[in-house]
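Let me begin by presenting the structure, written as structure tokens, before commenting on it.
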């Protein structure tokens, strides 16, 4: 099958979504649909940041919370993304659900989650993941896999069978959106697009339908 070959049958949903007035409600509906159809990680999202020279960086992370306050993920604060967000607290997200032929793009302002939110989520992680958060000097050079495994073993021994506390360099970020765009595939590239915009986090949303 060629790369351009495809089934042009439209998705089975209706056009009702295009009249939505609340992007958070619509996003939750689409995320729920994705959780029932995506094979892996329906909460996977591309996170785009920019470094000190203005060069963009993008990588996949996992959404861990979404409500009227914004979109939350957790990471090592000393990683490339952590340092870039600290210096330039603006980011973009992209969700792509291939099984549904849908995409959501988000642009917004970035703040840190509360310490309690970070503690609660860290406590919910598997113990091996908790140890890994201590052992990984994320984004920094690694001489060999053995070096990493030694660090894992060191922290596993340090904490023994006791509780693993959250590392001081590990926390969460919240992207509070100023723009959310919903995109749905349609036959012959005649796609549906609708964007929600607001000037500030406290402002009312406006909606605009866009040419594909």
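The values are calculated or read from the model by the stated rules, or taken from the named source; none is laboratory data. Just so it is clear, the model here is predicted, and its values are computed rather than measured. Cβ: placed from backbone, ideal geometry, glycine included. Neighbour counts: every protein chain shown.
Evaluate the following for residue 46: is it touching a helix residue (DSSP H, G or I) at 6+ places or on another chain (Cβ under 9 Å), surrounded by fewer than 18 Cβ atoms within 10 Å (Cβ to Cβ), within 20 Å of residue 179 (Cβ to Cβ) and touching a residue at least 24 places away in the same chain (Cβ under 8 Å)? Give the steps one after another, and end with the answer.
Numbers: touching a helix residue (DSSP H, G or I) at 6+ places or on another chain (Cβ under 9 Å): no; surrounded by fewer than 18 Cβ atoms within 10 Å (Cβ to Cβ): yes; within 20 Å of residue 179 (Cβ to Cβ): yes; touching a residue at least 24 places away in the same chain (Cβ under 8 Å): yes.
Against the criterion (touching a helix residue (DSSP H, G or I) at 6+ places or on another chain (Cβ under 9 Å), surrounded by fewer than 18 Cβ atoms within 10 Å (Cβ to Cβ), within 20 Å of residue 179 (Cβ to Cβ) and touching a residue at least 24 places away in the same chain (Cβ under 8 Å)), residue 46 does not qualify.
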Quick one: residue 155 ticks every box in (1) over 28 Å from residue 112 (Cα atoms); (2) in contact with a helix residue (DSSP H, G or I) (Cβ under 8 Å, 6 or more places away or on another chain); (3) part of a helix (DSSP H, G or I) except a single one, so which number is it?
(1)
Suppose we filter the stretch 124-152 for residues that are in contact (Cβ under 8 Å) with a residue 40 or more places away in the chain and assigned to a helix (DSSP H, G or I); how many remain?
1
Mind checking whether some residue in the stretch 165-183 is buried (at least 16 other Cβ atoms within 10 Å of the Cβ), in a loop (DSSP other than H, G, I, E, B), on the phi < 0 side of the Ramachandran plot and in contact with a helix residue (DSSP H, G or I) (Cβ under 6 Å, 6 or more places away or on another chain)?
yes
Subset of the stretch 50-62 (residues that are under 14 Å from residue 105 (Cα atoms) and either touching a residue at least 24 places away in the same chain (Cβ under 8 Å) or surrounded by fewer than 11 Cβ atoms within 10 Å (Cβ to Cβ) (or both)):
60
For residue 205, all conditions in the list (1) touching a residue at least 60 places away in the same chain (Cβ under 8 Å); (2) closer than 30 Å to residue 39 by Cβ hold save one; what is the number of the exception?
(2)
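Considering only residues that are in contact (Cβ under 8 Å) with a residue 24 or more places away in the chain and loosely packed, with under 11 Cβ neighbours inside 10 Å, which ones fall in the stretch 184-202? Walk me through how you get there before you give the answer.
If we filter the stretch 184-202 for residues that are in contact (Cβ under 8 Å) with a residue 24 or more places away in the chain, which is where we start, we get 184-188, 192, 194, 196, 201.
Listed by number, the list holds a single entry, 188.
One line per residue, one yes/no per condition, for (1) within 30 Å of residue 25 (Cβ to Cβ); (2) at pLDDT 95 or above; (3) surrounded by fewer than 15 Cβ atoms within 10 Å (Cβ to Cβ):
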| position | (1), (2), (3) |
| --- | --- |
| 97 | yes, yes, no |
| 102 | yes, yes, no |
| 112 | yes, yes, no |
| 116 | yes, yes, yes |
| 129 | no, yes, yes |
| 141 | no, no, yes |
| 144 | no, no, yes |
